[in-house]
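What follows is a short report on a single structure.
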Amino acid sequence: MYRSIIAGSGACIPENIIRNSDFLSHRFYTQNSVPEENTPARVIEKFAKITGIFERRYAGEELSASDLAAKAAAKAISDSGIGKEWLDQIIVAHNFGDMKNGVSSPDLVPSLASRVKRLLGISNPSCVPYDLVFGCPGWLQGMIHADAFFKAGIAKTALIIGADTLSRVLDPRDRDSMIFSDGAGAIVLSYEEVNEHALGLLSATVRSDCGEETDYIHLGSSLCPEKPGHARYLKMKGRKVYEYALRHVPLAMKECLDKSGYSIESLKAIFIHQANEKMDEAIVKAFYGLYGIAEPPENIMPMCIQWLGNSSVATIPTLFDLVRRSALGGYELKRGDLVLFASVGAGMNINAVCYGYH
């Protein structure tokens, strides 16, 4: 049988570390554009308790999202052992294109995937580059896309990248701005013959709700009423996102696992979008609850949000690469280990993938 196999992985983690203490000089406003009653120190304290975030990474001014994507991609290609000219597809998941500092409009033409192909020096005209905008689940959706192309006989290899520079669409007056960060993660996915049933991409589930949910994460004006101009910033209805995710993500994860034909006891790791520590923990607990299990096993969910923040489409591939390289203490993967990927984000969109580690 043939399955989609992760042949290599890589990540680009920016060097600029932004700690919570760097926000002490900020003056925060409420969602009603009223100055926050709490001091910045108190706002930051509450923020860290809820999200688990103590620091995050921002890209240097000279780097764009496509630069980060290319750096992560080069590592994934090298790790895979597959020559770059043998790639059939380059899929880049992102949300805002190549945002420049001080420029409020995104740079989307040409596509980031085309820019990555150029940066990697790939000359093969049959290697098709395209972008995917699907909110935070975009990278995982890229895996689902590539798997479908493989099964259709259109391609055999794909470079799938998640990259964003969210630091360039943040409102410094909004406490939610402390959640987001920059980064890129990538894999090379290859369609290969496998002799073991438990290897490769086993199943997938996707859900999308586009009623009032479309406004839960959006671009909007600064919370500061005195801030001039027409710049748009990343905005989030945190409570709505939390409630939506807790209601629907565990169900999508269960559907995906059940499709795989494997039991909950077989699951070795859950790679969930690094959105918010408390939210991710609640989602995983609710997922196990659907199987009548009160508490998830210890160390089932590796996390990097505490020091990398929420880099949207880059969070899962970055986390996976860290674990794959044994760079995250206490976690390792062995051949045949069953893992579950899951993500939720703007749209609102949800997806999940069951994968047998190769």
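Side notes on the structure shown:
- Unique residue being of a type in the set (S, T, N, Q) and free of Cβ contacts under 8 Å to residues at least 40 places away in the same chain when the list is Ser221, Ser190: Ser221
- Annotation: of all residues in the range 68-94 being under 26 Å from Gly347 (Cα atoms) and of a type outside the set (Gly, Ala, Ser), the one that is surrounded by the most Cβ atoms within 10 Å (Cβ to Cβ) is Val92.
- Pick from the range 244-275, criterion hydroxyl-bearing (Ser, Thr, Tyr) and touching a residue at least 40 places away in the same chain (Cβ under 8 Å), ranking: surrounded by the fewest Cβ atoms within 10 Å (Cβ to Cβ): Ser266
- Residue list for the range 8-42, filter: among the aliphatic types (A, V, I, L, M) and surrounded by fewer than 19 Cβ atoms within 10 Å (Cβ to Cβ): Ile17, Ile18, Leu24, Val34, Ala41
- Filtered residues of the range 158-175 (kept if buried (at least 23 other Cβ atoms within 10 Å of the Cβ) and of a type in the set (Val, Ile, Thr)): Ile160, Ile161, Thr165
- The range 14-39 - residue that is over 23 Å from Ala275 (Cβ atoms) and not polar (S, T, N, Q) and, of those, modelled with the highest pLDDT: Glu15
- The condition of being under 19 Å from Gly135 (Cα atoms) and not β-branched (Val, Ile, Thr) does not hold for His197.
- Exactly one residue among Gly329, Gly336, Gly345, Gly356 is of a type in the set (Gly, Ala, Ser) and free of Cβ contacts under 8 Å to residues at least 24 places away in the same chain, and that residue is Gly329.
- Among the residues of this structure, Gly97 counts as one that is in a loop (DSSP other than H, G, I, E, B), at positive phi and buried (at least 19 other Cβ atoms within 10 Å of the Cβ).
- Taken over the range 124-175, the residue count meeting the criterion of being over 15 Å from the mean Cα position of the chain (by Cα), under 25 Å from Leu219 (Cβ atoms) and of a type in the set (Val, Ile, Thr) is 1.
- Screening the range 289-327 for residues that are crowded, with 21+ Cβ neighbours inside 10 Å and of a type in the set (Gly, Ala, Ser) and picking the one that is farthest from the chain's Cα centre (by Cα) gives Gly309.
- Highlighted here are the strands (runs of 3 or more DSSP E) found entirely within the range 192-286 that include at least 3 residues which are outside the structural domain of Leu166 (by TED's automatic domain parsing) and modelled with pLDDT of 95 or more: 200-208, 267-272.
- Residue in the range 314-332 that is within 24 Å of Ala76 (Cβ to Cβ), among the hydroxyl-bearing types (Ser, Thr, Tyr) and touching a His at 6+ places or on another chain (Cβ under 9 Å) present: yes
- Among the residues of the range 66-81, the ones that are more than 7 Å from Gly8 (Cβ to Cβ), hydrophobic (A, V, I, L, M, F, W, C) and touching a strand residue (DSSP E or B) at 6+ places or on another chain (Cβ under 6 Å) come to 4 in all.
- Test: residue in the range 124-145 that is in contact (Cβ under 8 Å) with a residue 12 or more places away in the chain, more than 20 Å from Thr205 (Cα to Cα) and among the hydrophobic types (A, V, I, L, M, F, W, C): yes
The values are calculated or read from the model by the stated rules, or taken from the named source; none is laboratory data. In this text the structure is predicted, and so the values were computed from the model without any measurement. Reconstructed Cβ throughout: ideal geometry from the backbone, glycine too, with neighbour counts over all protein chains shown.
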